[in-house]
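Structure first, commentary second.
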Amino acid sequence: MQNSLYELGDIPPIGTVPKQMYASVIRRERYGPPHQAFRNEVVDVPEAGPGQVLVLVMAAGINYNNVWASLGRPVDVISSRLQQGEREDFHIGGSEGSGVVWAVGEGVSQVSVGDAVILSGCRWTESSADIRLGADPMTSASQSVWGYESNFGSFAQFALVDDYQCHPKPPGLTWEEAACFLLTGATAYRQLCGWPPHDVRPGDPVLIWGGAGGLGSMAIQITRARGGIPVAVVSDEERARYCRELGAQGTVNRLHFDHWGRLPDIGDRAAMGRWTEGVRAFGRSFWEALGERRSPRLVLEHSGQDTIPTSMYLCDNAGMVVICGGTTGYNADVDLRFLWMRQKRLQGSHFANLRQCRDIIHMVSTGQLDPCLSWTGGFDDIGKAHQLMHDNQHPQGNQAVLVNAPRAGMTELP
Ligand SMILES: NC(=O)c1ccc[n+]([C@@H]2O[C@H](COP(=O)([O-])OP(=O)(O)OC[C@H]3O[C@@H](n4cnc5c(N)ncnc54)[C@H](OP(=O)(O)O)[C@@H]3O)[C@@H](O)[C@H]2O)c1
């Protein structure tokens, strides 16, 4: 007889969908620090509708977006979905993962029950007017982040995705390796290769904030693979060493400087003088790390308010600062004189389209890119792993948790 609920790691017969599942759930009354927000609960397994796929999750990647989901800001994701007419008053996060296709909805032809897949983290409506007119789906008004803006992400025994989110899992990767790199890797890839003519070219110096983080570890390797010269910013010597091992030409420790945050008022000459001194000293450290007096043609940004003034100042004439996040805040200042007179570009970038996802999976599966899996936890560690990320105390590179995959691969958290 079919069980209505299976224990984690206890796999139902292939294609058999139980009524309920374990999930790591966020509720509005628990919004706050991640260790408080996530709780294991039993919820109903969602049904795969037309074009959708139900995936038995083997492992899930940990990412910063569910730090934001726990906090309930800048977006209260649950209220926002309820306002749009959805019924669930809870959030199951997780915007990447690996697993096995367990059921398919009407019209799904690209994947079949039993396929091993990696899940990418964005959805859109393929029939929307902008996509039909040729827009990159990532720029479509219908686009949203799965496991953040939309529900039933990878922090559960079963995840619900659209069929195009399923990518063949390279057989050489473990479940946890396959689960950990696509969100950061494909985001960094689009930032560095998706905005021509500002794609990384041989010999280009590239400044990478948070070089030892998820995006940063991928960005260092992508830059090298394209012939660029990555210089990474870090906050301690262990992270600096990690970045150099990944291919960084050199590193800059941001804790040696204190000019961070919003720009002083242009009329406040004393404060502006102090800021200019700080940013020039940072620039000299960049040259030292690079080994020559050249400015970065590209700056990979995600730290936001604290660092944008420095990124814009340092970026080479006709270069680009490309940003995908604002960890330190969203109200960043740009001195427009440098933007227009030195003809720089400030470009927003968000995750990646399917072509870019496939490119990065190919780079990992052929060994050009290490997935940088630094830690593998169990299902009960999801809150703790996000808490460490929130506190900037998490391990380097990317992290994953095992959901239904065998426990053998687990490692200790700091
Ligand atoms: N739009 C998208 O598609 C997308 C995709 C992925 C990530 N993101 C966003 O990008 C951000 C980073 O993600 P991630 O996965 O790389 O996170 P991560 O693994 O936590 O890495 C971020 C790094 O930023 C550095 N950092 C922390 N505070 C900083 C500060 N005040 N100034 C400069 N650097 C600081 C830290 O390194 P040090 O302390 O060593 O400097 C940390 O390792 C998050 O806000 C995330 O939401 C957006």
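The values are calculated or read from the model by the stated rules, or taken from the named source; none is laboratory data. Only a predicted model underlies this, so the values are computations on that prediction, with no experimental measurement involved. Here Cβ is always computed from backbone atoms with ideal geometry, including for glycine, and neighbour counts include all displayed protein chains.
Say we look at region 183-201 and pick out the residues that are closer than 18 Å to ARG358 by Cβ, out of contact with any Gly (no Cβ under 6 Å at 6 or more places or on another chain) and of a type in the set (A, V, I, L, M, F, W, C); which of these is farthest from the ligand (Cβ to nearest atom)?
Restricting to residues being closer than 18 Å to ARG358 by Cβ, out of contact with any Gly (no Cβ under 6 Å at 6 or more places or on another chain) and of a type in the set (A, V, I, L, M, F, W, C), the top hit is CYS193.
Looking at region 373-414 only, could you name the residues that are assigned to a helix (DSSP H, G or I) and either closer than 13 Å to THR174 by Cβ or of a type outside the set (A, V, I, L, M, F, W, C) (or both)?
Once the filter is applied, which keeps residues that are assigned to a helix (DSSP H, G or I) and either closer than 13 Å to THR174 by Cβ or of a type outside the set (A, V, I, L, M, F, W, C) (or both), region 373-414 yields ASP380, ASP381, GLY383, LYS384, HIS386, GLN387, HIS390, ARG407, ALA408, GLY409.
Could you please find all residues in region 186-203 being touching a strand residue (DSSP E or B) at 6+ places or on another chain (Cβ under 8 Å) and in contact (Cβ under 8 Å) with a residue 40 or more places away in the chain?
ALA188, GLN191, LEU192, TRP195, HIS198, VAL200
Go through (1) in a loop (DSSP other than H, G, I, E, B); (2) under 16 Å from the mean Cα position of the chain (by Cα) for ALA219 and report which single condition fails.
Here ALA219 clears every test but (1).
(1) part of a helix (DSSP H, G or I); (2) within 16 Å of the ligand (Cβ to nearest atom); (3) among the aliphatic types (A, V, I, L, M): which one isn't true of VAL206, the others all being true?
Only one criterion is unmet by VAL206, namely (1).
Looking only at region 297-314, count how many residues are without any contact (Cβ under 8 Å) to a residue 60 or more places away in the chain and not polar (S, T, N, Q).
Count: 6.
Give the residue, chosen from SER112, SER127, SER120, that is modelled with pLDDT of 95 or more, surrounded by 15 or more Cβ atoms within 10 Å (Cβ to Cβ) and either out of contact with any Pro (no Cβ under 9 Å at 6 or more places or on another chain) or more than 20 Å from LEU183 (Cβ to Cβ) (or both).
After applying the criteria, what remains is SER120.
Evaluate the following for ASP204: is it over 30 Å from ARG355 (Cβ atoms) and more than 21 Å from the chain's Cα centre (by Cα)?
no
Across region 316-342, which residue is farthest from the ligand (Cβ to nearest atom) among those that are out of contact with any His (no Cβ under 6 Å at 6 or more places or on another chain) and part of a strand (DSSP E or B)?
So, considering only residues that are out of contact with any His (no Cβ under 6 Å at 6 or more places or on another chain) and part of a strand (DSSP E or B), the one farthest from the ligand (Cβ to nearest atom) is VAL321.
Restricting attention to region 262-281, and to residues there that are in contact (Cβ under 8 Å) with a residue 60 or more places away in the chain and surrounded by fewer than 19 Cβ atoms within 10 Å (Cβ to Cβ), which single residue is farthest from SER303 (Cα to Cα)?
Top of the filtered list is ILE266.
Just one of (1) more than 23 Å from VAL334 (Cα to Cα); (2) within 16 Å of the ligand (Cβ to nearest atom); (3) part of a helix (DSSP H, G or I); (4) out of contact with any Phe, Trp or Tyr (no Cβ under 7 Å at 6 or more places or on another chain) trips up ALA248, so point out which.
Going through (1) more than 23 Å from VAL334 (Cα to Cα); (2) within 16 Å of the ligand (Cβ to nearest atom); (3) part of a helix (DSSP H, G or I); (4) out of contact with any Phe, Trp or Tyr (no Cβ under 7 Å at 6 or more places or on another chain) one by one, ALA248 breaks only (3).
Condition test on SER4, is it of a type in the set (Ser, Thr, Tyr) and part of a strand (DSSP E or B)?
No, not satisfied.
If you take the residues of region 343-372 that are among the hydrophobic types (A, V, I, L, M, F, W, C) and in a loop (DSSP other than H, G, I, E, B), which of them is nearest to the ligand (Cβ to nearest atom)?
That would be PHE351.
If a residue has to be assigned to a loop (DSSP other than H, G, I, E, B), within 16 Å of the ligand (Cβ to nearest atom) and small (Gly, Ala, Ser) to count, how many in region 258-315 make the cut?
2
Kindly check whether there is at least one residue in region 376-395 that is acidic (Asp, Glu), modelled with pLDDT of 95 or more and within 12 Å of the ligand (Cβ to nearest atom).
Yes.
Yes/no matrix, rows are residues, columns are (1) in contact (Cβ under 8 Å) with a residue 40 or more places away in the chain; (2) surrounded by fewer than 24 Cβ atoms within 10 Å (Cβ to Cβ); (3) within 10 Å of the ligand (Cβ to nearest atom):
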{"site": "ASP162", "(1), (2), (3)": "yes, yes, no"}
{"site": "GLY210", "(1), (2), (3)": "yes, no, yes"}
{"site": "ARG226", "(1), (2), (3)": "no, yes, no"}
{"site": "SER235", "(1), (2), (3)": "yes, yes, yes"}
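Given the criterion touching a helix residue (DSSP H, G or I) at 6+ places or on another chain (Cβ under 6 Å), under 26 Å from PRO202 (Cα atoms) and without any contact (Cβ under 8 Å) to a residue 12 or more places away in the chain, identify the matching residue among ARG284, ARG241, ARG293. It would help to see each step written out before you state the result.
Numbers: ARG284 fails: touching a helix residue (DSSP H, G or I) at 6+ places or on another chain (Cβ under 6 Å); ARG241 fails: touching a helix residue (DSSP H, G or I) at 6+ places or on another chain (Cβ under 6 Å).
Only one candidate passes the filter, namely ARG293.
Taking LEU255 as the residue in question, decide whether it is buried (at least 19 other Cβ atoms within 10 Å of the Cβ) and not β-branched (Val, Ile, Thr). Steps first, answer last, please.
Details: buried (at least 19 other Cβ atoms within 10 Å of the Cβ): no; not β-branched (Val, Ile, Thr): yes.
No.
Looking at VAL67, VAL111, which is the one that is within 30 Å of GLY329 (Cα to Cα) and not in a strand (DSSP E or B)?
The conditions single out VAL67.
Just for region 117-160: of the residues that are of a type in the set (A, V, I, L, M) and free of Cβ contacts under 8 Å to residues at least 60 places away in the same chain, which one is farthest from TRP195 (Cα to Cα)?
Per the criteria, the residue is ALA129.
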